[in-house]
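Data block below; observations after.
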There are 2 protein chains.
Amino acid sequence: MQQIESIKEFGGYLNRYHHQSDSCHCQMTFSVYLPPQAAAGKVPALYWLSGLTCTDDNARVKAGAQRYAAEHGIALVFPDTSPRGDDVADEAERYDLGQGAGFYVNATQQPWAVHYQMYDYVTQELPALLEANLPLLSGVRSISGHSMGGHGALICALKNPQSYKSVSAFSPICNPVNCGWGSGCFDAYLGEDVSTWQAYDATLLVDAGARVADILIDQGTADEFYDDKQLLPENFREACEREGQPVTIRMQEGYDHSYHFIATFIGEHIAYHARALKA
Amino acid sequence: MQQIESIKEFGGYLNRYHHQSDSCHCQMTFSVYLPPQAAAGKVPALYWLSGLTCTDDNARVKAGAQRYAAEHGIALVFPDTSPRGDDVADEAERYDLGQGAGFYVNATQQPWAVHYQMYDYVTQELPALLEANLPLLSGVRSISGHSMGGHGALICALKNPQSYKSVSAFSPICNPVNCGWGSGCFDAYLGEDVSTWQAYDATLLVDAGARVADILIDQGTADEFYDDKQLLPENFREACEREGQPVTIRMQEGYDHSYHFIATFIGEHIAYHARALKA
């Protein structure tokens, strides 16, 4: 991995890197915020998965998370949302499929399967790379994200409960097989056999017995995509109630789907993860 | 003025407006963050002037200021950095002259003078408009800004000490007549008679006897534009020492010119302004 930028912030460093990904078979870009405490020893890490159209840059600029990461001594990892490049399949006229819309799955269908292996990338390759090269505690990770990235955080944790100390999400796509965004991508990436989609749907994973210790979700009530039934937190809540999976879904009155919503509550999420990461 | 957007953040509202400006003779866009306290009564306001290439959107997304404004009960006002539109003079190939580069002066030269009256706009028209239409305390204002906007904040306060309770700046252009950015614009906006430039140069204003109670400046030592002598805080410090103008210039080790630098210290600036606004 090659460091391509380093910006001092809140006493730590917001660094950006390139590397050749074995999972995605292309060059990937990501950012890591190392808090001041990382100068003196290894620190835990919170992975942040961003939403549709985002790169590694959106959250690091807009979420206001670095302040809290510096207070708690936690690193922040910002992966990209998909493989990218001229050689990587894309649907230029769609923002919700292809580059910028990897959906954190391992694609099985062509042309997507060549590069779109974001599930392996985020859960396996990137943590191994970072824990070998940066002052991060081995295996002491939590995960969060927004919208498509909230979906990603939920499925990564539910499928790998031993890999993450805690999980939270903002406005997550909770039941992708039952919304336009999810079904439109899963059809392309995973094929027509809907039974293969379940492995990447947080609601269906809970129904199938996946469990984590706890889940924190914030959802704005003025979120246009919530109104459009793209997010479906009600389905996830029902599955958790049916199955006895602990979850706190906070309906935040008047908040929308933007990073201004995330900025408002990211401090509480980072405090929530800090308790688990330092337990 | 017409409200065109409203986003809930930290319990208050980040609103955006259009209006027809009498000073600039065109439609102007600006944003205001109203903290939760504004629902119960009038609040003081901190004006934020942004730098080259910015609109009203950059600081509201990147600076992380709304959190602190909500804590202190202070409104934030984000003007645009210039007049804009197809009818407004521009130099498309230059980022440091024309649209996005108003430099907070009243232009006297054509074609700029028709619309580029940002000094009157920021110091007179906008405060009058906002205090008549929003829950803002009359005349209880402070001012801050970044780079070109740091220059703007310094000159607005030095020329109108009675209008602002306090002034601060990040990486300000302190002595524009002596740097490429400033002289390249002042020549176009104000003409070849250099004696007319002094009225918009913070260092020369202090030398000419302008005074405010106090000034807070943060400047990163890893700022490429500081190295390029575009900012010249050393000239401003010397003028303040010569003239007995109180100033605190904090050289922040390792910080650059970006909003990550601003985000790191904006909380301290807002606390500084809150003390003056509530005194």
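Could you tell me whether A:D201 is within 14 Å of chain B (Cβ to nearest Cβ) and either buried (at least 20 other Cβ atoms within 10 Å of the Cβ) or among the basic types (K, R) (or both)?
Criteria not met by A:D201.
On the given criteria, is B:G64 more than 14 Å from chain A (Cβ to nearest Cβ) and on the phi > 0 side of the Ramachandran plot?
no
From the list B:E9, B:E91, B:E5, B:E71, exactly one residue is over 26 Å from A:Y68 (Cα atoms) and within 14 Å of another protein chain (Cβ to nearest Cβ). Which is it?
Working: B:E9 fails: over 26 Å from A:Y68 (Cα atoms); B:E91 fails: within 14 Å of another protein chain (Cβ to nearest Cβ); B:E71 fails: over 26 Å from A:Y68 (Cα atoms).
Checking each option against the conditions leaves just B:E5.
This table checks each residue for (1) buried (at least 18 other Cβ atoms within 10 Å of the Cβ); (2) under 26 Å from B:D96 (Cβ atoms); (3) of a type outside the set (A, V, I, L, M, F, W, C).
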site	(1), (2), (3)
B:W181	yes, yes, no
B:Y189	yes, yes, yes
B:S195	no, yes, yes
B:K229	no, yes, yes
B:E238	no, yes, yes
B:G244	no, no, yes
B:Y272	yes, no, yes
B:L277	yes, no, no
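Being aliphatic (A, V, I, L, M) and over 25 Å from A:Q99 (Cβ atoms) is the requirement here; does A:V212 meet it?
yes
How about the stretch A:214-227: which of its residues are touching a residue at least 60 places away in the same chain (Cβ under 8 Å) and either open to solvent by less than 40 Å² (accessible area, probe 1.4 Å) or of a type in the set (A, V, I, L, M) (or both)?
Of everything in the stretch A:214-227, those that are touching a residue at least 60 places away in the same chain (Cβ under 8 Å) and either open to solvent by less than 40 Å² (accessible area, probe 1.4 Å) or of a type in the set (A, V, I, L, M) (or both) turn out to be A:I215, A:I217.
Any idea which of (1) within 14 Å of another protein chain (Cβ to nearest Cβ); (2) modelled with pLDDT under 95 is the one B:A279 doesn't satisfy?
Against the list (1) within 14 Å of another protein chain (Cβ to nearest Cβ); (2) modelled with pLDDT under 95, B:A279 comes up short only on (1).
Report the residue count in the stretch B:12-23 for those that are in contact with an Asp or Glu (Cβ under 9 Å, 6 or more places away or on another chain) and within 14 Å of another protein chain (Cβ to nearest Cβ).
3
Within the group B:D56, B:D86, B:D90, which residue is acidic (D, E) and under 16 Å from the mean Cα position of the chain (by Cα)?
B:D56
Quickly run through the stretch A:24-34 and pick out the residues that are without any contact (Cβ under 8 Å) to a residue 60 or more places away in the chain and more than 14 Å from chain B (Cβ to nearest Cβ).
A:Q27, A:T29
Which of the residues spanning the stretch A:246-265 are surrounded by fewer than 17 Cβ atoms within 10 Å (Cβ to Cβ) and at the interface with another protein chain (Cβ under 7 Å from one of its Cβ atoms)?
Here is the first cut: in the stretch A:246-265, the residues surrounded by fewer than 17 Cβ atoms within 10 Å (Cβ to Cβ) are A:246, A:248, A:250-251, A:253-254.
If the condition is that a residue be surrounded by fewer than 17 Cβ atoms within 10 Å (Cβ to Cβ) and at the interface with another protein chain (Cβ under 7 Å from one of its Cβ atoms), then A:G254 is the only one that fits.
So which residues in the stretch A:89-123 are aliphatic (A, V, I, L, M) and within 30 Å of A:Y164 (Cα to Cα), if there are any at all? Spell out the reasoning first.
From the stretch A:89-123, those aliphatic (A, V, I, L, M) are A:89, A:92, A:97, A:101, A:105, A:107, A:113-114, A:118, A:122; that's our starting set.
Across the stretch A:89-123, the qualifying residues are A:L97, A:A101, A:V105, A:A107, A:A113, A:V114, A:M118, A:V122.
Take the stretch A:127-151 and flag every residue that is under 21 Å from A:A274 (Cβ atoms) and part of a helix (DSSP H, G or I).
A:P127, A:L130, A:E131, A:G149, A:G150
Quick test for you: out of B:Q99, B:Q37, pick the one residue that is farther than 29 Å from B:A276 by Cα, away from every other protein chain (no Cβ under 14 Å) and of a type in the set (S, T, N, Q).
Being farther than 29 Å from B:A276 by Cα, away from every other protein chain (no Cβ under 14 Å) and of a type in the set (S, T, N, Q) holds for just one of B:Q99, B:Q37, which is B:Q99.
With respect to B:V194, is the statement that it is among the β-branched types (V, I, T), free of Cβ contacts under 8 Å to residues at least 40 places away in the same chain and farther than 18 Å from B:S144 by Cβ true?
It is true that B:V194 is among the β-branched types (V, I, T), free of Cβ contacts under 8 Å to residues at least 40 places away in the same chain and farther than 18 Å from B:S144 by Cβ.
The values are calculated or read from the model by the stated rules, or taken from the named source; none is laboratory data. The model shown is predicted, which means the values in this text are computed figures rather than measured ones. Cβ atoms come from the backbone with ideal geometry, glycine included; neighbour counts cover every protein chain shown. In case anyone asks, the SASA skips ligands and DNA or RNA and just uses the protein heavy atoms, side chains included. Shrake-Rupley method; radii C 1.70, N 1.55, O 1.52, S 1.80 Å.
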